[in-house]
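The values are calculated or read from the model by the stated rules, or taken from the named source; none is laboratory data. This one's a predicted model, so the numbers in the text were calculated from it and none came from an experiment. Neighbour counts run over all protein chains shown; Cβ positions are idealised from the backbone, glycine included. Side chains are part of the model used for accessible areas, which takes the heavy atoms of the whole protein and leaves out ligands, DNA and RNA. Shrake-Rupley method; radii C 1.70, N 1.55, O 1.52, S 1.80 Å.
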There are 2 protein chains.
Amino acid sequence: MTDTLPTRAPSNALAIDPDRLWASLMELARIGAYDDPATGLVGVNRQSLTDADAEGRRLLVRWMEEAGLEVTIDEMGTIFGRREGLEPDLALIMAGSHIDSVATAGAFDGCLGVLGALEVIRSLNDAGIATRRPIVIAAFTEEEGVRFGTDMLGSAVAAGRLTLEYAYDLVDDAGLRFGDELERIGFRGDRPVRLDPPHAYVECHIEQGPVLAQEGYAVGIVTGVQAISWQKVTLHGRAAHAGTTPTELRIDAGLAAAQVIVHVREMVDSGRYGRLRATVGHVTTSPGLPSVVPDRAELTVDLRNPDDGHMAAAEADLAAFLDGLPARQPGLRVETKRMAKTRQVPFDPGVQDAAAASAHDLGLPTMRLMSGAGHDAQEIAAIAPTAMIFVRGQHDGISHNPREYSTPDDCAAGIAVLGTTLLRLAEEADA
Amino acid sequence: MTDTLPTRAPSNALAIDPDRLWASLMELARIGAYDDPATGLVGVNRQSLTDADAEGRRLLVRWMEEAGLEVTIDEMGTIFGRREGLEPDLALIMAGSHIDSVATAGAFDGCLGVLGALEVIRSLNDAGIATRRPIVIAAFTEEEGVRFGTDMLGSAVAAGRLTLEYAYDLVDDAGLRFGDELERIGFRGDRPVRLDPPHAYVECHIEQGPVLAQEGYAVGIVTGVQAISWQKVTLHGRAAHAGTTPTELRIDAGLAAAQVIVHVREMVDSGRYGRLRATVGHVTTSPGLPSVVPDRAELTVDLRNPDDGHMAAAEADLAAFLDGLPARQPGLRVETKRMAKTRQVPFDPGVQDAAAASAHDLGLPTMRLMSGAGHDAQEIAAIAPTAMIFVRGQHDGISHNPREYSTPDDCAAGIAVLGTTLLRLAEEADA
């Protein structure tokens, strides 16, 4: 893959069916739908390896088969649908994302990339277009990481960063094992999980941020993914009576947790760590009673940074703050567990250019931007030339929320760029 | 009741059986016992109206009947055991406390007062002592308030502060209704819940604080209970993606909760509110996922103060801080719910003096001190002359923790004072 690619590849804009794409997105969103009290909207809760996820998977498999794809399931439950090429032995072109969701999701996160790739296949079929290279759709397992604690799990194992054993032994909050749940829903496949490097990988996804909307573009070309760090922090104090225990004798795990949360925001506001984003999403105390000083508090810290150096400095700041907590409350014990850590991932310039040229062929203006969220693409980027296409979101690009929304036109634009890019890459000769 | 009482009452020290008292405490503690991971000790979890509580209640009723007491259960499930007096029509003397526990309890909180009063009855029986007034033991329902959210619930309804309907409609975290659970465990009695004012009420309890240990007394006479305020604070923000949502667009309910926790401690450290104690024991965020900004956070704030004026000022400070939170994060919504509020309660000087004189008769030095914790005695104080006897605790008086411990000698000393005080009060004529 080189920058000369766009001139080498033919201009070949693909027409897709926006209504069919939208109908598929809405139909999948009915699986796991719930009434969300916080927003008054209907949200989606289709967490990985739940019954809802299994129902969504079965629908996807049916649609893939109806589109003539050869469906295989790998040892992680990731679903592949292959459309054969004129030269079956050439490395294939892969397009994918995920259909698992967080607990309070919308209809687009992940699903647009998978159902969009399916729409591309359906359009190729309708137009009777044969491609030189095979095209494969991938729907990766547990991208969100909300149930088993490690995000991009399926793609990370497929690309060889994590082992199958590690993934199988992860447990959810109920103590259920990933491997057992995969077996239970009937999606533990026999396809070897390690992926043969495709010729290229392209993922279309909603931006989940406000940049495209602010800049006035429906579609963006993604230059890479920022560094991500997830840690679980457990603070061990001492349970004591709220009414009688003198303040100076307390070891209050809940207070320590609050100090961490406040400090993490101060790290962001300080500006010392570039474009750092920090989130504490999960906080609990135990025993969790009004009249008992907490003996235990648990929280998660999610740090994101487009720059690995700034990320390392931010992590060092947090570590130093945690180390200093026992000095404030003698007897306090601090425990940290690394849940996830990924470096900043740059995407392949050639694939970015192929996507940009395809948007140009379609008459769509685009901009380049970096991804704030983690995506399966950053895992596949370790083994194959990879890029992403972002679609503009409404409401400041809010996501992981039932208010998540991209218009039918914007979704269609992103998938047209995806299809044209796949078509372009599928005609490439080997370098 | 007047200060002249001690001179009016006869000196009549009661001898009790320390070993029998201790054996009863240890036997009751086996019900609801669990292995506590935080301390490595065996703790007690016998929350109100659970199966464990029911088993403890049945044991207590059996012991009361074996001691010849007439047992009645009121509409709140509170257990009464009556020992008849020589003049049955005179107002009775009541001694009581509770046997329900928090989730991480020891063997003494509440149980010492109930089983101690039982030991007094057993000793009176052994010595063949008849009293002028009837003596009644009371074991009040849901004193801890950890399951249904309102502490001193049984005694508050018995004394007429709260209604039976209010209590019955309280629900626990699982949505189970107090009235239904009372029915389920078979302790919804038919004795009218409103208590006829006794001649006097005396409660022996562990101090749950470090004062007696620091001052070197086994037993203390309690002058009153400090003011207590419980609130539940719910913060409504907006769920958003941790990696992509710009910090300035976030409405982070978890951050707001942390700011409240830190501020509450600053209120204590400021010294502006006298001997204020403040505890945030319960904190949760939802959806509680590492990669989602919390749209909701819930916390409890427990404030205690021996001075009503200082308490009012502290509550005003907290209210002003909560009102100011939306200014820090526009769109944040703050909701507060009053769980409990009791003013500072002074105990009856005459009953205090009767207890002090009884300790003197036993050759036990005592000091007077205020209670930091809430007790059933503060409710009964509204309808009858009341005081409490505190017993020294080990380990800085730690309580609501499996490390809670008072020595057999100290427990025996406290119950000897209780018994002698009951004997003294039971001989009193009507004023």
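Chain B versus the axis that turns it onto chain A: the residue with the nearest Cβ and the distance in whole Å amount to B:258, 2.
Starting at the first residue of the stretch A:166-183, write each ³J(HN,Hα) from the Karplus equation 6.51 cos²θ - 1.76 cosθ + 1.60 with θ = phi - 60°, in whole Hz, x for Gly and Pro. Ordered by residue, 3J(HN,Hα) equals 4, 5, 4, 8, 5, 10, 8, 4, 8, x, 7, 8, 3, x, 5, 5, 4, 4 Hz. Applying 1/(1 + (r/R0)^6) with R0 = 41 Å to the Cβ-Cβ distance of residue B:430 and residue B:30 gives a FRET efficiency near 0.45.
Taking 7 Å along the Cα-to-C-beta vector as the label spot, tell me the residue B:184-residue A:86 distance in nanometres, rounded to one decimal. Roughly 7.1 nm, to one decimal.
Spacing of the modelled spin labels on residue B:407 and residue B:234, each 7 Å from Cα toward Cβ, amounts to 5.0 nm.
The alpha carbon gyration tensor of the stretch A:79-130 gives principal lengths a ≥ b ≥ c with a/c of 1.5 or higher and a/b no greater than b/c, which makes the shape oblate. Can you bin the stretch A:25-172 into rounded, prolate or oblate? Criterion: square roots of the alpha carbon gyration tensor eigenvalues sorted a ≥ b ≥ c, rounded for a/c under 1.5, prolate for a/b above b/c, oblate for the rest. In terms of gyration-tensor shape, oblate. Restricting the calculation to Cα atoms, every distinct pair contributes to the Kirkwood radius of the stretch B:228-342, found to be 14.6 Å. Relative to the dominant Cα principal axis of chain B, helix B:51-66 is inclined by about 10°.
Summary of packing: across the peptides B:188-195, A:394-401, the per-residue average of other C-beta atoms within 10 Å ranks them, highest first, as A:394-401, B:188-195.
Cross-link partners of residue B:232 among lysines, defined as those whose alpha carbon lies under 30 angstrom from its own and excluding same-chain residues fewer than eight positions apart: A:232, B:337, B:341.
Sequence-ordered 3J(HN,Hα) estimates for the stretch B:106-111 from the Karplus curve with 6.51, -1.76 and 1.60 and θ = phi - 60° stand at x, 9, 10, 3, x, 4 Hz, glycine and proline given as x. Between copies, how far does the label point of residue A:86 sit from its twins, in nm, shortest first, when each point is 7 Å from Cα along Cα→Cβ? From this label point to the equivalent ones elsewhere in the assembly: 11.8 nm. Normalising the average separation of contacting C-alpha pairs (under 8 angstrom, six or more residues apart) by the number of residues puts the relative contact order of the stretch A:228-342 at 43 percent.
Taking amide hydrogens as placed 1.01 Å from N in the peptide plane, the amide H of residue A:170 sits under 5 Å from those of A:178, A:179, each at least 5 positions away in sequence or on another chain. Give the shape of the stretch A:355-423 as rounded, prolate or oblate, defined through the alpha-carbon gyration tensor: a ≥ b ≥ c are the square roots of its eigenvalues, a/c under 1.5 means rounded, and otherwise the shape is prolate if a/b is larger than b/c and oblate if not. Verdict is oblate for the stretch A:355-423.
Looking at the stretch A:270-355, the trypsin sites (Lys or Arg not before Pro) that sit in a DSSP loop and have at most 15 other Cβ atoms within 10 Å of their own Cβ are A:272, A:343. The distance from the alpha carbon centre of the stretch B:91-132 to that of the stretch A:31-86 is 63 Å, rounded to a whole number. Taking the helices alone, the protein assembly as shown has a mean residue ellipticity at 222 nm of -10500 deg cm²/dmol, built from -39,500 (n - 2.57) per DSSP H run of at least 4 residues and averaged over all its residues.
As an exercise, take the mean of 1/r over every pair of distinct alpha carbons in the protein assembly as shown, invert it, and state the Kirkwood radius in angstroms. One over the average 1/r among Cα pairs gives 30.1 Å for the protein assembly as shown.
In loop segments of the stretch B:3-99 as defined by DSSP, there are no chymotrypsin sites (Phe, Trp or Tyr not before Pro) with at most 15 further C-beta atoms inside 10 Å of their C-beta.
What the phi angles of the stretch B:247-262 give under the Karplus curve with 6.51, -1.76 and 1.60, with θ = phi - 60°, is a coupling list of 3, 6, 9, 7, 10, 9, 5, x, 4, 4, 4, 4, 5, 5, 4, 5 Hz, glycine and proline written as x.
Taken across both chains, chains B and A shield about 5200 Å² of accessible surface from a 1.4 Å probe.
The amide H of residue A:339, built 1.01 Å from its N in the peptide plane, has A:230, A:231, A:232 as neighbours under 5 Å, considering only residues 5 or more places off or on other chains.
Label points for residue A:234 are taken 7 Å from Cα along Cα→Cβ. From this copy to the others they lie 3.0 nm apart, shortest first. Element breakdown for the stretch A:287-344 at a 1.4 angstrom probe: carbon and sulfur atoms account for 52% of the accessible area.
Around the amide H of residue B:101, modelled in the peptide plane, lie the amide H atoms of B:46, B:47, B:48, all under 5 Å away and 5 or more residues distant in sequence or on another chain. With a Förster radius of 45 Å, plug the Cβ-Cβ distance of residue A:312 and residue A:215 into 1/(1 + (r/R0)^6) and report the FRET value to the nearest 0.05. In this case the efficiency is close to 0.90. Against the empirical 2.2 N^0.38 Å (N residues), chain B has a Cα radius of gyration ratio of 1.03. For the stretch A:404-431, backbone nitrogen atoms closer than 11 Å to the point 7 Å from residue A:12 Cα along Cα-to-C-beta are found at A:420-429. With the simple spin-label model, which puts each label point 7 Å out from Cα in the Cβ direction, the residue B:174 to residue A:161 separation comes to 4.1 nm.
In this Cβ point-charge picture (+1 for Lys and Arg, -1 for Asp and Glu), the stretch B:228-342 has a dipole of about 180 debye about its Cα centre. Each other copy holds its own label point for residue B:191; taking that point as 7 Å from Cα along Cα to Cβ, the gaps run 7.2 nm, nearest first. Note that the protein assembly as shown presents 34 Å² accessible area per residue, ligands and nucleic acids not counted, probe 1.4 Å.
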